[in-house]
1. What pairs can you find where one residue is in the range A:144-166 and over 20 Å from A:Q191 (Cβ atoms), the other is buried (at least 17 other Cβ atoms within 10 Å of the Cβ) and charged (D, E, K, R), and their Cβ atoms are less than 6 Å apart, with a gap of 6+ or different chains?
2. Let me spell it out: the conditions are (1) facing chain A (nearest Cβ under 10 Å); (2) touching a Pro at 6+ places or on another chain (Cβ under 6 Å), and B:F123 meets all of them except one. Which number is the exception?
3. Suppose we keep only residues that are outside any helix (DSSP H, G or I) and out of contact with any Ser or Thr (no Cβ under 8 Å at 6 or more places or on another chain) within the range B:32-62. Which one would you say is surrounded by the fewest Cβ atoms within 10 Å (Cβ to Cβ)?
4. Give just the number: which of (1) at the interface with another protein chain (Cβ under 7 Å from one of its Cβ atoms); (2) over 16 Å from the mean Cα position of the chain (by Cα) does C:N167 not satisfy?
5. Output the number of the condition that B:Y280 fails; it satisfies all remaining conditions of (1) surrounded by fewer than 24 Cβ atoms within 10 Å (Cβ to Cβ); (2) more than 9 Å from chain A (Cβ to nearest Cβ); (3) of a type in the set (F, W, Y).
6. Please state which one of C:G207, C:G173 is more than 7 Å from every other protein chain (Cβ to nearest Cβ) and at positive phi.
7. Is it the case, given these coordinates, that B:S90 is within 9 Å of chain C (Cβ to nearest Cβ), in contact with a helix residue (DSSP H, G or I) (Cβ under 9 Å, 6 or more places away or on another chain) and either crowded, with 23+ Cβ neighbours inside 10 Å or hydrophobic (A, V, I, L, M, F, W, C) (or both)?
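The values are calculated or read from the model by the stated rules, or taken from the named source; none is laboratory data. The structure displayed is predicted, hence computed values, not measured ones. Note that each Cβ is placed from the backbone with ideal geometry, even for glycine, and that neighbours are counted across all protein chains shown.
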Amino acid sequence: MSRRPRVAPAPSGVNRRIILSFLVSAAGAIGFAVTYGLGGHTQWEGACLAVAFVGLATGLAIWGRRLVPVGGYVEEHEGFVPPPDEQALTAAALSAPDSPIRRRGLLAALGLALTALGVAALFPLRSLLPWDRARPLRARRDTPWGPGVRLLTAGGQPLRPGDVPAGALVGVFPEGGTDAGDAPAFAVRLQPERFTRPPSAGHLDGLVVYSLLCTHAGCPVRLYLKGTGRVLCPCHQSSFNLFADAAPVAGPAARRLPGLPVAVDADGYLRATGDFTAPPGAGFWSRP
Amino acid sequence: MIMDRLARAFDDRLRLSPLTRRALAKVFPDHWSFMLGEIALYSFVALVLTGVYLTLFFDPSSADRVYQGSYAPLDGTATSAAYASTVRLSWDVRAGLLIRQTHHWAALIFVAAILVHLVRIFFTGAFRKPRETNWLVGVTMLMLALANGFTGYSLPDDLLSGLGLRIIVSVVESIPLVGSWLVFLGLGGEFPSDEMIPRMFVSHVLLVPAVLVALVSVHLAMIVRQKHAQFPGPGRTEHNVVGSRLYPSYSLRSLALFAWVLAVLFALGGLVQINPVWLYGPSAPGQATSPAQPDWYVAWGDGALRLFPPWEIHIAGHLVPAPFFPGVVLGGVTFLALYAWPFLERWCTGDRRAHQLLDRPRDHPVRMGVGVMALTFFGVLVVAAGDDIIARLLRVPVYDVLYVLRVLVLVLPVLAGALAFLLARALCRSDAARLGELTRADLRAAGQGADRRAGGRRVRAGEARAVDEPELPTPDRPGQRIELWPDGGVWRWRYRDEPAGVTLLNNRAMLTEREAVDSARLAYPGVDHVAVPGPPPPAPPGRVRIALRRWGNAALGVSLLVAALRQRRQRHPDGDGPRPE
Amino acid sequence: MPTRGDRWSHVTRAVTVGMVVALAAGPAALAAPAPNAPPGSNAPSGPAAPPETAAPSAGPSALAGATQGRELYRQNCASCHGDQGRGSQRGPSLVGVGAASVDFQVGTGRMPIPDEMQQPRRGRPVFSADEIAALVEHVTSFGGGGPGIPRVTEGSLGTGRELFAANCAPCHGGTGAGAALTNGWNAPPLYEATPVQVAEAIRVGPGLMPVFPSQVLTDQQVSDLATYVQRLRSERLDRGGNPLGRLGPLAEGVAAWVVALGLLVAAARWLGRRAGE
């Protein structure tokens, strides 16, 4: 483009530094390949690649800053307000007598057709929730718990009242629905005389079962603070007082944990006598 | 030679050379803050490259899979295929962990760079006409980046991300009327569903990246079409761009930045562990880990969830749960405000002109105040997301931290915003160049309202005159002129401002004198034109030349000094007074 | 000001190099073990060799041990827990706490504490192994039963990991780094605990920690857990480099902002600044 002489011949130091940088880069790349070939090691691989790219960056940077002129150029700016006659010409081209946009009636009909197509295209989205599955309201209200469902431990063993000693928190799951997201519950044994408010789902000699899901955002309230009778949510630090029917005492949760009514069956195992006292987990619009 | 012929072949068929010539000569302003967006761009490139590699090993499925590999605690454990393949990728695929970690770091840097870029655009007013559209595109990309970051964080199906997903599901579910339906349609059923991971995967690797690539292209195309805005300075007007040409200077430096971004990402990816999913274990209902935090870019939402008081309302017997306000409303308001800001500001200031010259942040104290207020607010929210970590590190009760933060989140932004507003106004009214040069009197003057122009803008007379420059051609300014000259078969021009010592060369050669004159008129309306025949003038003094001259002068001075000293020493070898000759 | 610019870029470069070196320092320590340990060798041998407190030696003579225990108790414990371990205003009763509890509290240096505090912290044990054994013997002589010092055998890593995720991760974190509870209580990090101490804590439930008696976790399961916790502290699990305290995404975010974005913006400043500006 230009036959003008550019910058003065580079000082040899600059050339040397650039070449050195690229050599370092090549060394890094080779180092990476060798590390990989020798069995791989995350730290060495990362360090080698970093060295390779640092070398590349340094070389290019010195080149761009020292061997070519930086700055000193100006480019004109046409502005973005087109001349009025240019605008008028474009507008005229668009609204010529035979232009489609002048046939209002046809356009309205076309608009109707396109709208109908657009709305119709939304219908298949409903398939995202397969038709044979429960609707949200129903699915959110119902859990696998129900009358007669046995309580299992995380290991899949049925639970007896004696398996829940004082001071322990035992995670329990419904038989036949251990993977359900809304089912996890926990059992603890408290001293009944310390109840300030009786558990809404009742208790078996101090043994109470509550939903494990925080009523704020649904995280498992697995942090049990023995002695204080409180459980804590790891996500947003809501805590619930089990002595007061799992009422929220601090943090952003506003509702109590739903309780699970339980009884002991003839074989001595714990069984639910119904579903949770309220839909478990976070709140939603149609929650009763 | 082959390249030469190939280029010629393409040019003969597509006539690319005029376009290429313009493109190579495009002028980029030489200010570091214009490279922040490039950091984001290059992190995105790194994300795509590493991400493609990861898809070759990741199995996006919730189906049961027994992990068998070198991570002993999980060896033989049945987990979801997604989790098993992630652990496999981390422990049994050579270089897999490096790429996985680099990908995750690149995601953190990507969003951080977008944010920093957005802050620069905001405080310098680069979103004003004609660039509002590009602001909208940028904000959309930020939103998509957040969404894609979150799905990427959730894909490994580990315990920590499982909690995060559960929280997001709860937030969406809190939307009145449609919340549950949105969740059930999105997940194909109740959380946790089997469709969850495949659907997030499609969105993470296909849908959102495709939209992002399209938007990045639009973003860049619009920059090329509209050209860069620039800071005011000598020779810079509303009608030109001053800086370096794309080729060779800027492309070299930009490539250097690309390499540097990759260097930092790979250094982190290899040396600093991120998201060790093998330690967290697979996601399972009823299991939890603590402390539980999301990645930093969604932490503001998590912090808001923590700080918002336990308020739930009922509308006609229907529940509006607590997460609705900090989750949905805050997020919605945040992005609405971002989208609306250019139009809001135009409405408030009544400034409908196009701007190619940027504000300095101080030039607009109201914008400064609002921006600092918003940043402080979100900063406190991010800190709040770590309230349990703070409580543990400081050994104070977590609820004390919570109450302090609940107050701070309301008080601190107002204080910071007011302070920023006052400082900006003081800077703008006084002659101080930097914050440290402000005097007490300046501050006092800033505190007393009064001389505010419409929209809170006050431009100092001397420096930023160009901002308020009328669109009409300015009368001839002394000392400024345009010089045109023939250079072989083409024409060039340059702008000279003798008093300011500025010489700016036109970025490309013109075919005719007419063309050169037109181009110069556009760039400097009203400046006198002089045709200079004869030898081409010297190239604009570059950095090298100045450095050489200074070093040369310094070296000369030093050598003279050394010579003089040596002479003195030779004259007085033992230094005990002048010796008679 | 090219000279100033040059100096500045030297400073930038020096800072950069310093940061990279600092970054490298953490993992460099990790780089020492074999890159890919064969899967078979990963089973730790830690719990197989129980530490000194596991098997309280009988000492020179039982009588001497008893005297030593009584004397140590009188000097260090009685002022708060009472002469007969009945407790006082300043400390809880020790009747029925069991040998495991005493061994845990004293063996982890949590007891004796000079002042009342809500949650004693782990520290260097004040007493030797023999002294601790004597003290344990003396306190158990107050009666009341309570869990004895568990015997820890080699356990299964896989089962241990599952049990850990189900029972321990909620409070101590999946990484074992610990977490904050309410009212200033903390679940401490597990990295310094010996297998026996882990087992004792499981059985005893010190402080706010729930207890896991044999109805909840069998002896074998406790051994599995202790095995996994031993493994958890191993640096080999930080395969990805410096673990940043295993504090999770926010610590990673801080690193991304401070280190990475700092380096990148510094580079942009170096590359983008106009000569003479």
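1. A:W145/A:D275; A:G146/A:D275; A:G148/A:R271; A:V149/A:E175; A:R150/A:E175; A:R150/A:R271; A:L152/A:E175; A:P158/A:R150
2. Among (1) facing chain A (nearest Cβ under 10 Å); (2) touching a Pro at 6+ places or on another chain (Cβ under 6 Å), B:F123 violates only (1).
3. B:L56
4. All conditions pass for C:N167, except number (1).
5. Checking B:Y280 against (1) surrounded by fewer than 24 Cβ atoms within 10 Å (Cβ to Cβ); (2) more than 9 Å from chain A (Cβ to nearest Cβ); (3) of a type in the set (F, W, Y), the one that fails is (1).
6. That would be C:G207, the only listed residue that is more than 7 Å from every other protein chain (Cβ to nearest Cβ) and at positive phi.
7. Yes: the conditions hold for B:S90.
Yes or no, residue by residue, for (1) over 30 Å from B:H31 (Cβ atoms); (2) without any contact (Cβ under 8 Å) to a residue 60 or more places away in the chain:
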position	(1), (2)
C:T218	yes, yes
C:V222	yes, no
C:R239	yes, yes
C:V265	no, yes
